[in-house]
1. Evaluate E = 1/(1 + (r/R0)^6) for H444 and E91, where r is the Cβ-Cβ distance and R0 equals 35 Å; express this FRET efficiency to the nearest 0.05.
2. Relative to the present Cα-Cα distance, how much length would full extension add between A369 and A388 at 0.36 nm per residue of separation?
3. Would you rank I109, I375 by solvent-accessible area, highest first, keeping every protein chain in place and using a 1.4 Å probe?
4. Going by a ≥ b ≥ c, the root eigenvalues of the Cα gyration tensor, does the stretch 165-270 fall in the rounded group (a/c under 1.5), the prolate group (a/b larger than b/c) or the oblate group?
5. If I stretch the segment between N345 and L204 completely, what's the gain in nm (0.36 nm per residue apart, minus their alpha carbon distance), one decimal?
6. For every helix of n ≥ 4 consecutive DSSP H residues, a contribution of -39,500 (n - 2.57) applies; sum these over the chain, divide by its total residues, and give [θ] at 222 nm rounded to the nearest 500 deg cm²/dmol.
7. How would the stretch 284-404 be classified by its alpha-carbon gyration tensor: rounded, prolate or oblate, with rounded meaning a/c under 1.5 and the a/b versus b/c comparison settling the rest?
8. With every protein chain left in place, what is the accessible area per residue of the chain in square angstrom, probe 1.4 Å?
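The values are calculated or read from the model by the stated rules, or taken from the named source; none is laboratory data. Not measured: the values here are computed from a predicted model. We place every Cβ from the backbone using ideal geometry, glycine too, and count neighbours over all the protein chains shown. These area figures cover heavy atoms from the full protein model, side chains too; ligands, DNA and RNA do not enter into them. Shrake-Rupley method; radii C 1.70, N 1.55, O 1.52, S 1.80 Å.
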Amino acid sequence: MNYDLIVIGSGPGGYVAAIRASQLGLKTVIVERAELGGICLNWGCIPTKALLKSAQVYNYMKHAENYGIKLETPAQPDFEAIVKRSRTVAETMSKGVQFLLKKNNVEVIAGFGKIVKDHKVEITKEDGSVETIEAPHIVLATGARSKELPHIKQDGKKIIGYRQALTLPKLPESMVVMGSGAIGSEFAHFYSSLGTKVTIVEFLPNLVPVEDEEISKQLERSFRKNGVKVMTSSSVESVDTTGDLCHVTVKDINKGKITEIDCEVVLSAVGVITNLEGLGLEEYGVEVERTKVVVDDFYRTNCEGIYAIGDIVHGPALAHVASHEAEICVEKIAGLNPQPLDYTNIPGCTYTTPEIASVGMTEKKALEAGKELRIGKFPFTASGKATASGSRDGMVKIIFDKNTDEILGCHLIGENVTEMISGMVLARAQHVKGQDIIHAVHPHPTLSEAIMEAAAAAYNEAIHI
């Protein structure tokens, strides 16, 4: 059957591409081998946030007396029910994608898609049968999966990836988390909150290494305060799973010291690797560089009519990035004139407690770029709203160019800061200056007024509490 556009993969890049294409009048089909919505909706962004919400509620109940509330019996987590709720949330969102695709007249074919000559896609279905479809435009949006270290293979039971971490049959008493990016840090926080003894091991000097160093240090303090053991500048040398427990050997990179840890489960969160195998890229002649498909500003590959978006192209592997890439790609195909995505203004969020949100340059990156800086900070310990809510860990840090007053970067750690970063993304996009932030009236008491306070501190104009 012939189409105008074939999309392989239905994650936040794929389903957005298909829906936007249909809206623009293109006859569109999605090829998906698993659940609609991809990893994000089913095994990533959404179900993890459901787990983290349960952990947050449990933490509130554990500290109810701090808010003047007495519970007759101590709160206890029902791990099985928490996991079940998370899966229900994921299934609900996947059904929502199914509804949107149907509403927008996007056809869905279940199976594994492979591009073959003359703009055709061979779809291998679950029963082994093969269907061939074709279109002048094919968008690859196949995403990524959990990366394995060569010497520490995941067995799905004792050494697990994020998928297994979402659906463990019982709450483990102890866990070692390898890697402290968003995935590792979020799971470390979740399991620690429910009572698991967690050790997080990070090869680099700081947790969440892509973040500003001061933000990383604040997260480390918060983790330690909440009982998470933090080992930075450390590597997991080996994991012995022959006994009842995992025997983990950790090496301090700087001192060479060896630490032995026994735990029930090891979570490998050392990154992701792209899903490119079996797509027919090499046979078709699509250029790939270091496991990423090479594309231009409009996601065109070197082969006419073949496009790639999301985790399989160079750029941040984030759901919201994939969705924007999808819109730009499809609008260009449809003959519109979209603007290329500004990759210097992409927000990043980590949903630990405290949360982390950032956009733009870190202080280190700005200095390496030769910028003269004006930096303003405001701690949530000085925030009336944070004090009233009982969540005073954290700060806002804004980095300005001293010569132009341009916002180079904004870095937040604290309660609900992932809901605050969008304003700074828009401010940077619209070239808002420091004085503009200071003189814009912010509501009091709110957490968001800390952004104004940080800007004022950068210009020595801070007067509020």
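1. For R0 = 35 Å, the calculated efficiency reads 0.30.
2. The span from A369 to A388 would gain 2.9 nm if fully extended.
3. Accessible-area ranking of I109, I375, largest first: I375, I109.
4. oblate
5. 48.3 nm
6. It lands at -9500 deg cm²/dmol.
7. prolate
8. That works out to 48 Å² for each residue.
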